[in-house]
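Asker: Here it is, the structure in full.
The values are calculated or read from the model by the stated rules, or taken from the named source; none is laboratory data. This one's a predicted model, so the numbers in the text were calculated from it and none came from an experiment. Every residue, glycine among them, receives a Cβ derived from its backbone with ideal geometry; neighbour counts consider all protein chains shown.
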Amino acid sequence: MASATPSTTSEPAEPEVVELVATALQVARVEHRSASFSWEPLGKVPVGFSASYAIELQQLDGDSNITTNWVSVYKGDALSCKVDELKSGRRYAVRLVASVETCSEETSGPVEERVEVRVHNAEHVFFQTPPSIPSLLQPPALAQRARNALKLKWSSPEDPGGLFELTYVLQVSPAPQGLEDQRGQMGFVEVYRGPERSYKVVKLQPGVRYTSRVQAINPLGEGLFSLCSAYTTQATVPAAPEPPVVQTASSSTMELAWSAPADNGSPITGYCLERDEGGTGDFTLVYAGPNTNCTVKGLKPGQAYRFRLRADNDEGKSLWSSSVALSTGAAPPDSPVALQVVTAGRTSATMAWRTPDDDGGSKVVAFGVELQAKSKAATACMGTEWLKIFEGEAHACTINSLRPGCAYRVRVRARNAVGWGQWALPVDLTTAADAPEVPQSLQPASCTPTTIVITWAPPRHDGGSKVHTYRMEMASADCVCGRCPHAAAPAAAAAGGAPHLPPGLHQAGAAGAAALRPTLCPGHTPLAVYAAEAVGAELRHLQPGCWYIFRVQAVNQQGSSSWTDWVAGATCADVPTAPGPPLVAGVAPTALMLSWQVPLAQGAPVTHYSVEAAALPPVPGAMLGSPGGAGVLPDVRAAAALAWKLAYRGPHPGCEVRGLEPYSAYAFRVCAHNDVGAGGWSPAVAAITGHAAPSAPQALSAQAASSAKIVLCWAPPERDYGAPVVAYTVEMAPATTARAGGGGAGREAAGAGGGGGRGAGGAAAPAWSHVFTGPACACSAEGLAPGRAYQFRVRAANLCGAGPFTAPVATVTQPAPPSAPGKPVVSNRTSSGFRVRWDEPEHTYGSHVAAYVLQAAPAGGAGEEWAEVYRGPEASARLSGLAPACKYLLRAAAVNAAGQGPWGEPESAITQLLPPLPPCELAVAEGPALAEPAGAEGAGEAPAAPPQEGAWVCLSWQEPEADATHAPAMGYEVVATPRPGSEASPVKLNITGRRGEARLEGLAPGCSYSVRVRSVGVDGTGHSGWSEEAAVQTPALPESEEAAAGGGGALAVSGVTQRKGGKKAGKKGGAAGAGAGADRMLANGGAPSVSSDDAVSVSREVLPAGAGGRGKGGKAAGRVAAAANTVAAKKMRTRGFVEKLVDEKLPRGLASCLEMLLVACFTADWRRCMARHVWWYVKVLVIMFAVFGLALMGWHLYVTDMAASRPLP
């Protein structure tokens, strides 16, 4: 209780109480398993406080009262919510719990001080979800397992749907026994329907995996089936298998197979197969293993066997199958026994045998007998194969048509209903002996003029007894009685006594004497000429060239054979006799005419003659006589020792022997030939040929005395052929390189020797010219060309005429210095040098050019001071280190082994200017400023540029000072490069003309740029170095424009992106040019740069070491600038497709290869002149096609006129 006396201390004021009332919760929508709620917000919530709402829920079972077990299902500041995961058909109580919380000052401002908020919540409300079908059950669980049954159980559904009178349906797959016809969807069969939550499924197969599922049903409908669960029944022994069946059967084996029985849950591990002998005996094991087939061997033919089968698994052994009786097939019978020879004659034999001991289960119905020849005579008639002789039921047979005294083999076999059995062992059979057969192949083997060798072969069969004697008879083949049928046949007598065809020989055909069939004339009596055991005989002391007939017979102990047919044979003809000594019928310097008498023929006509000649050795101190015959040589041995050579072979008894040496002695002999051979040589005869021109001189030699003179000498000819030499003639002709052997005179010799005819080998014939005629054996040829190859020949002459030329002798005049080379040609000019080439000298004068000497001298001086600048084997040179824009005189000379030749015609050449100097005093003349919306014209540019967005700036600079060694500027190139860290792109501008100002547009607003400018030289002298950089800061866009652009960044400016090249350029022009070239190369990683100007040439040369540095100018900077070989544009123009392809689209390596090809086709300035060259080529092709068409038309008209004017035949 508070005191009424005022206190000296101040007490805190009581807080203000604010009471809020929450409205009742409204149930908006109720579904089976969800409900939606809504409510009104709290009114007049003080400042600094916020309202939040929570939904609390509890499930009421039946008519039970509300408890304190509220479950919060929602919390937030929304005015509605939806609650899921409710149960259907259930009653629920729900309430709204509103609360007020203090907010933070950052979100709702300052909180009212000393305020207490109290909230009064409304009462709870009730609602009930509608009932539905039951929810999904859990899969059935296994309660008990047996071999033929499974007991399954399951739990109630989580949500029975509000109705608790449930019915359960249990389905299994595969179907139990007896329910196979009740399979439903997916192969499941219903086995239970009722209120219980467990069931025992019976009539199942042991060891089988069964799948089950369960379903709940209430009065509203059927719920979903649960997920499937699978369980396996306990396994047991296999079922009894079916009896085995026969796949294939033979007389001793059976192929049995069987099907696998049900394994009852445990895989079958093996089978046992047993059999008995077909009676009531015990079964024996035949097979044990996992296979379902086996082959039973070792059975008897035609016998029945019983088989039974059992299956085993891990659970045990099955019952035996029922036994089955299976029979083997019948087999062929065994071989017959006691095969023997009963009787054997000369041409027949009788055989006998008995029935086989084992008929193979079938009666023997027939026997078969075969015969095979054993001896050589028998195999010659019937071969070595077995021949079928007999087939029938009898146990004996007789074999006819045998050969006497021959050995045979006989075999027999039996046959039943199955087929033929095996052959019995063969038995040998030999017939009785007889007289031999006729001998074979009687014919004359060889002959001489007095003998004939007769041969024959033994008879094919000796009759079984050895032949001990052969008898031969002979008679003349001529007819002497005149009464023979063939007596009137003409005799084919040969000229000169050759053997003739006797009338007793009849020619059977065109095969010749081998096909003749002789007969014996009745007027002749055969004469026995041979009786011996040997095969063959030689008959001697016969008349040469005569025909005889022969016959022979064989004799053994049984008798003699028949005579063979008569066979004709003749003695050989002999060689002809030697002719008489040949006679000299005519004489010439190199030939003699011979003739001789025809000799006597020795049984065959003379076919031809052979004449041999031999040179007679000279006799010291003896003189040859007059030409003509000189008689027979008396010494036969000396004549046989001469070196004879064949001079003639022909049918005529006379000949002309040519190719002889004039006025020389020769020996000749002749012999005759016929079909037998050559006769004897005639006596040798000596003869002398006539006088003739002398032979060729000897030892011709040629020696070069100078570059214009050759000295010749030779020896007299070896023979003058009977007349002394009176004069010599020397001729000369240019020689080829191969003949002369001169290294450097090949072309001159070939050119000097032209104009003649063609030789036999296709080469040009030498053009011989007269040099000397006189009795001396030496001369000289003067006035010759230096270093040329020449050939010489010489011949001698006497009163009979001029002899042959010697073989040409070639030599080369001494070489001389070469002629002057061609006028120098200058190409690839730069500011410090150029390339020089010249043509080879027209004449080398006998020695290849070893080197060239090039001299240069400044032009326009007081006196020409020539200095050697090159010496080497090539006809071209690259000169460097020259002063720019200077004129030089050039001349060349060739050097060979003989010395240096004269100087060629001089040529002048001027080096190019250095690149222009860089601009200076670069400054910003106006701006920078943002571009106007309507756009503005560029500063100082003739054509109006299209409006560009961004910023612009006007620049000015000072034109570089004029210099005699540097090229003037034809334009400028301005580049604005953004500072590091900026996303803007570089901006580039090319200016044509010598203006010192430009307006650069397209800059990005709000960006810092470094601006540089450089000069573009005329006539391809290249670019200068960059000027000093000027810093430009473009103004930024206004805020409103940036917002309108969506906060965009810097504007993209089109242009060629280049890296900043080098720092400050040198003050002098030389260093500036070098720095510019180095900057462009470094900007491309060491490769030559490509300017944005489309009319540029790309340099492929590499900078020298140290060329990229800065310097103050001077000679070193000038050389660096010249070596850099910078590129330049002569005028601004649009790039073509090929240039864009080389500069931008292709890779660097492929672009370099394409540019090299373009340079080779259109020179290094292909960017400017390619279109002009292509157009020129097109015009040339058009003109060529037009000319070709006109020529073809003219030729057609000409041919047509010729055809029209030709008279008709």
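Asker: From 678, 693, 684, which residue is small (Gly, Ala, Ser), crowded, with 19+ Cβ neighbours inside 10 Å and farther than 30 Å from residue 807 by Cβ?
Answerer: The match here is 684.
Asker: Next up: Select the strands (runs of 3 or more DSSP E) contained entirely in the stretch 450-519, then report the ones holding at least 1 residues which are at pLDDT below 50.
Answerer: Filter on the stretch 450-519 gives 492-494, 498-501, 505-507.
Asker: Conditions first: (1) assigned by TED's automatic domain parsing to the domain that holds residue 473; (2) crowded, with 18+ Cβ neighbours inside 10 Å. Residue 564 passes all but one, so which condition is the exception?
Answerer: Here residue 564 meets the rest and fails (1).
Asker: Against the condition buried (at least 23 other Cβ atoms within 10 Å of the Cβ), among the β-branched types (Val, Ile, Thr) and closer than 19 Å to residue 868 by Cα, how does residue 836 come out, does it pass? Step through it out loud before you land on a result.
Answerer: Numbers: buried (at least 23 other Cβ atoms within 10 Å of the Cβ): yes; among the β-branched types (Val, Ile, Thr): yes; closer than 19 Å to residue 868 by Cα: yes.
It is true that residue 836 is buried (at least 23 other Cβ atoms within 10 Å of the Cβ), among the β-branched types (Val, Ile, Thr) and closer than 19 Å to residue 868 by Cα.
Okay, residues lined up against (1) touching a strand residue (DSSP E or B) at 6+ places or on another chain (Cβ under 6 Å); (2) surrounded by 15 or more Cβ atoms within 10 Å (Cβ to Cβ); (3) small (Gly, Ala, Ser); (4) closer than 16 Å to residue 230 by Cβ:
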{"position": "142", "(1), (2), (3), (4)": "yes, no, no, yes"}
{"position": "145", "(1), (2), (3), (4)": "no, no, no, yes"}
{"position": "159", "(1), (2), (3), (4)": "no, yes, no, no"}
{"position": "165", "(1), (2), (3), (4)": "no, no, no, no"}
{"position": "172", "(1), (2), (3), (4)": "yes, yes, no, yes"}
{"position": "176", "(1), (2), (3), (4)": "no, yes, no, yes"}
{"position": "182", "(1), (2), (3), (4)": "yes, no, no, no"}
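Condition check ((1) at pLDDT below 90; (2) farther than 30 Å from residue 789 by Cβ; (3) among the hydroxyl-bearing types (Ser, Thr, Tyr)) across all residues:
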{"position": "830", "(1), (2), (3)": "yes, yes, yes"}
{"position": "840", "(1), (2), (3)": "no, no, no"}
{"position": "844", "(1), (2), (3)": "yes, no, yes"}
{"position": "852", "(1), (2), (3)": "no, no, yes"}
{"position": "859", "(1), (2), (3)": "yes, yes, no"}
{"position": "866", "(1), (2), (3)": "yes, yes, no"}
{"position": "877", "(1), (2), (3)": "no, yes, no"}
{"position": "881", "(1), (2), (3)": "yes, yes, no"}
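Asker: Kindly list the number of the only condition in (1) crowded, with 19+ Cβ neighbours inside 10 Å; (2) in contact with a helix residue (DSSP H, G or I) (Cβ under 7 Å, 6 or more places away or on another chain); (3) at pLDDT below 85 that fails for residue 963.
Answerer: (1)
Asker: Let me ask something else. Among the residues of the stretch 141-155 satisfying the criterion of being in a loop (DSSP other than H, G, I, E, B) and modelled with pLDDT of 90 or more, which is farthest from residue 192 (Cα to Cα)?
Answerer: Within the stretch 141-155, the match that is farthest from residue 192 (Cα to Cα) is 155.
Asker: Next question. Look through the stretch 34-44, keep the residues that are in contact with a Leu (Cβ under 8 Å, 6 or more places away or on another chain) and surrounded by fewer than 17 Cβ atoms within 10 Å (Cβ to Cβ), and return whichever of them is farthest from residue 135 (Cα to Cα).
Answerer: From the stretch 34-44, those in contact with a Leu (Cβ under 8 Å, 6 or more places away or on another chain) are 34-35, 37-44; that's our starting set.
Within this subset, residues satisfying the condition of being surrounded by fewer than 17 Cβ atoms within 10 Å (Cβ to Cβ) are 34, 38, 40-41, 43-44.
Numbers: 34: 15, 38: 29, 40: 36, 41: 38, 43: 44, 44: 47 Å.
Selected residue: 44.
Asker: Determine the pairs where a residue that is more than 22 Å from residue 678 (Cβ to Cβ), located within the stretch 641-664, has a partner that is of a type outside the set (Val, Ile, Thr) with Cβ atoms under 6 Å apart, the partner being 6 or more residues away or on another chain.
Answerer: Listed pairs, sorted by first residue: 658/591; 662/589; 662/692; 662/721; 663/691; 663/721; 663/722.
Asker: Is there a residue being under 20 Å from residue 592 (Cα atoms), aromatic (Phe, Trp, Tyr) and in contact (Cβ under 8 Å) with a residue 24 or more places away in the chain anywhere in the stretch 692-715?
Answerer: No: zero hits.
Asker: Another one. What residue, among those in the stretch 820-833 that are crowded, with 17+ Cβ neighbours inside 10 Å and β-branched (Val, Ile, Thr), is farthest from residue 912 (Cα to Cα)? Steps first, answer last, please.
Answerer: Taking the stretch 820-833 and keeping what is crowded, with 17+ Cβ neighbours inside 10 Å, we get 820-821, 824, 826, 830-833.
If we keep only those that are β-branched (Val, Ile, Thr) as well, we get 826, 830.
Numbers: 826: 12, 830: 5 Å.
So, considering only residues that are crowded, with 17+ Cβ neighbours inside 10 Å and β-branched (Val, Ile, Thr), the one farthest from residue 912 (Cα to Cα) is 826.
Asker: Right, something else. Within the stretch 690-708, count every residue that is under 16 Å from residue 845 (Cα atoms) and assigned to a strand (DSSP E or B).
Answerer: 1
Asker: Return only the number of the condition from (1) surrounded by fewer than 19 Cβ atoms within 10 Å (Cβ to Cβ); (2) in contact with a Cys (Cβ under 8 Å, 6 or more places away or on another chain); (3) farther than 30 Å from residue 448 by Cα that residue 594 does not satisfy.
Answerer: Among (1) surrounded by fewer than 19 Cβ atoms within 10 Å (Cβ to Cβ); (2) in contact with a Cys (Cβ under 8 Å, 6 or more places away or on another chain); (3) farther than 30 Å from residue 448 by Cα, the lone unmet condition for residue 594 is (1).
Asker: On the basis of being in contact with a Gly (Cβ under 9 Å, 6 or more places away or on another chain) and among the hydrophobic types (A, V, I, L, M, F, W, C), does residue 239 make the cut? Write out each step before concluding.
Answerer: Details: in contact with a Gly (Cβ under 9 Å, 6 or more places away or on another chain): no; among the hydrophobic types (A, V, I, L, M, F, W, C): yes.
No: the conditions fail for residue 239.
Asker: Scan the stretch 55-80 residue by residue and report those that are modelled with pLDDT of 85 or more and among the small types (Gly, Ala, Ser).
Answerer: Selection gives 72, 76, 78, 80.
Asker: State the number of residues belonging to the stretch 607-623 that are out of contact with any Asp or Glu (no Cβ under 9 Å at 6 or more places or on another chain) and more than 20 Å from residue 585 (Cβ to Cβ).
Answerer: Number satisfying all stated conditions: 7.
Asker: Let me confirm something: among 394, 378, which residue is surrounded by 16 or more Cβ atoms within 10 Å (Cβ to Cβ), over 60 Å from the mean Cα position of the chain (by Cα) and not assigned by TED's automatic domain parsing to the domain that holds residue 251?
Answerer: Numbers: 394 fails: surrounded by 16 or more Cβ atoms within 10 Å (Cβ to Cβ).
Being surrounded by 16 or more Cβ atoms within 10 Å (Cβ to Cβ), over 60 Å from the mean Cα position of the chain (by Cα) and not assigned by TED's automatic domain parsing to the domain that holds residue 251 holds for just one of 394, 378, which is 378.
Asker: Another question about this same structure. Taking residue 322 as meeting all but one of (1) among the polar types (S, T, N, Q); (2) at pLDDT 85 or above; (3) surrounded by 12 or more Cβ atoms within 10 Å (Cβ to Cβ), write down the number of the exception.
Answerer: Of (1) among the polar types (S, T, N, Q); (2) at pLDDT 85 or above; (3) surrounded by 12 or more Cβ atoms within 10 Å (Cβ to Cβ), only one is false for residue 322: (3).
Asker: Looking at the structure I just gave you, is residue 676 in a strand (DSSP E or B), in contact (Cβ under 8 Å) with a residue 40 or more places away in the chain and either among the β-branched types (Val, Ile, Thr) or assigned by TED's automatic domain parsing to the domain that holds residue 448 (or both)?
Answerer: So residue 676 fails the test.
Asker: Only one of 136, 163, 96 is among the hydrophobic types (A, V, I, L, M, F, W, C), in contact (Cβ under 8 Å) with a residue 12 or more places away in the chain and not in a loop (DSSP other than H, G, I, E, B). Can you tell me which?
Answerer: On the way: 136 fails: not in a loop (DSSP other than H, G, I, E, B); 163 fails: not in a loop (DSSP other than H, G, I, E, B).
Unique residue meeting the criteria: 96.
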